[in-house]
1. Report Rg(Cα)/(2.2 N^0.38 Å) for segment 128-237, keeping two decimals.
2. Fewest to most neighbouring Cβ within 10 Å: what's the order for 33, 218?
3. Which whole-angstrom value gives the distance between the alpha carbon centres of segment 199-227 and segment 50-94?
4. Quick one: among 24, 166, 152, which has the greatest mean-square fluctuation in a GNM of the chain with alpha-carbon springs under 10 angstrom?
5. Count the DSSP beta bridges whose two residues both fall in the chain, then state the antiparallel fraction as a percent rounded to the nearest 5.
6. If each of residue 6 and residue 164 carries a label point 7 Å out from its Cα toward its Cβ, how far apart are those two points in nm?
7. Taking the Cα centre of segment 100-140 as the origin, how large is its charge dipole in debye, to the nearest 20, when only Lys and Arg (+1) and Asp and Glu (-1) carry charge on their Cβ atoms?
8. Could you give the DSSP H helices of the chain that reach 18 angstrom or more along their long axis (alpha carbon positions) and whose average Kyte-Doolittle hydropathy is no lower than -0.5?
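Read-outs: derived from the displayed coordinates by stated rules, not from any lab. Since this is a predicted model, take the numbers as computed values, not measurements. With ideal geometry, Cβ positions are generated from the backbone for all residues, glycine too; neighbour counts draw on all protein chains shown.
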Amino acid sequence: MIRVFETPQAAYAAAAWQWMRAALDTSPGLIGVATGTTTTPVHAVVVKLFGEASFDTEPIAICAVDDYIGIPAGHIASCGERVRAQLVRPLGLRAENAVLPDRFDGDAAGYEAEIARRGGIKMQMLGLGGDGHIGFNYPGTPLGTAAHRVPLPQTTRDTLARLYALPAEDMPSEGLTLGIRSIMMSGRIVVIATGSGKAEAVRAALRGPVTEKMPASVLQLHRDVLWLLDGAAAALL
Ligand code: F6R
């Protein structure tokens with residue numbers, strides 16, 4: 001299903017309510033989160049809702065689609081740190097309910113096994129790369145991949161360097177990501193994309209062929225995917 005909202009803020013709020021839906025579902029399984037400029041405001045809305053009328057966060061357990069590896073604890077780019085700052089601490093989640101890659105010391109298979117042990121992912125929220133990447137599954141990633149380690153393309157390092165105003169060589173060079181197969185095993189998938197920079201990827205993912213060249217196109221094969229877009233991201237549909 002595709003929903004198009006007039007403003008990015010309306011898309012973020014809709015995504016936050018999808019997060020709430022998963023949070024209120026007490027069946028076993030994890031909520032999969034992503035970090036980035038698109039999901040950060042979604043998490044802020046979730047925390048705002050919690051602040052206005054607190055809900056029971058005791059049963060909520062989360063995992064993250066990816067993180068950098070080989071960076072010192074507390075590194076400015078760390079996805080785990082951002083997930084803790086954006087969700088774990090504000091919602092008061094228990095530490096053991098934050099199943100995050102940085103607890104696995106680069107052991108991708110171990111991370112995936114722990115997710116399975118915790119009941120799998122009931123809802124995975126994803127951002128979308130301008131080139132169609134999901135998690136750190138960049139164009140060319142075989143569609144059947146499990147969680148794996150991945151060298152980060154220079155473009156990602158440059159984007160991070162720009163974001164944090166630091167030299168690219170201080171940015172991580174390797175990541176750990178859930179694979180496309182891992183993502184496809186989630187019960188539901190919610191993709192959030194805003195802005196004209198995502199328009200071509202949105203078009204190719206939704207209207208183009210399913211191909212490794214456009215990782216998000218594989219989502220056409222999942223039975224329960226919700227795309228939340230603003231007008232700019234949906235402009236080429
Ligand atoms: C981050 C992640 C990435 C981002 C994607 C979009 O955990 O998995 O795939 O979702 O790069 O990033 P933003 O939202 O910053 O445009």
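1. Details: Rg = 14.3 Å, N = 110, 2.2 N^0.38 = 13.1 Å.
Normalised Cα radius of gyration, segment 128-237: 1.09.
2. Values: 33 28, 218 22.
Ordered by Cβ neighbours within 10 Å, fewest first: 218, 33.
3. So the two Cα centres are separated by 27 Å.
4. Largest GNM mean-square fluctuation: 166.
5. Values: 10 of 31 bridges.
In the chain, approximately 30 percent of DSSP beta bridges are antiparallel ones.
6. So the two model labels end up 3.8 nm from each other.
7. Numbers: 4 positive and 6 negative charges, 54 e Å.
Around 260 debye, computed over segment 100-140.
8. Working: long enough: 8-24 (24 Å, 0.23); 39-52 (20 Å, 0.80).
Counting only whole DSSP H runs, the qualifying helices are 8-24, 39-52.
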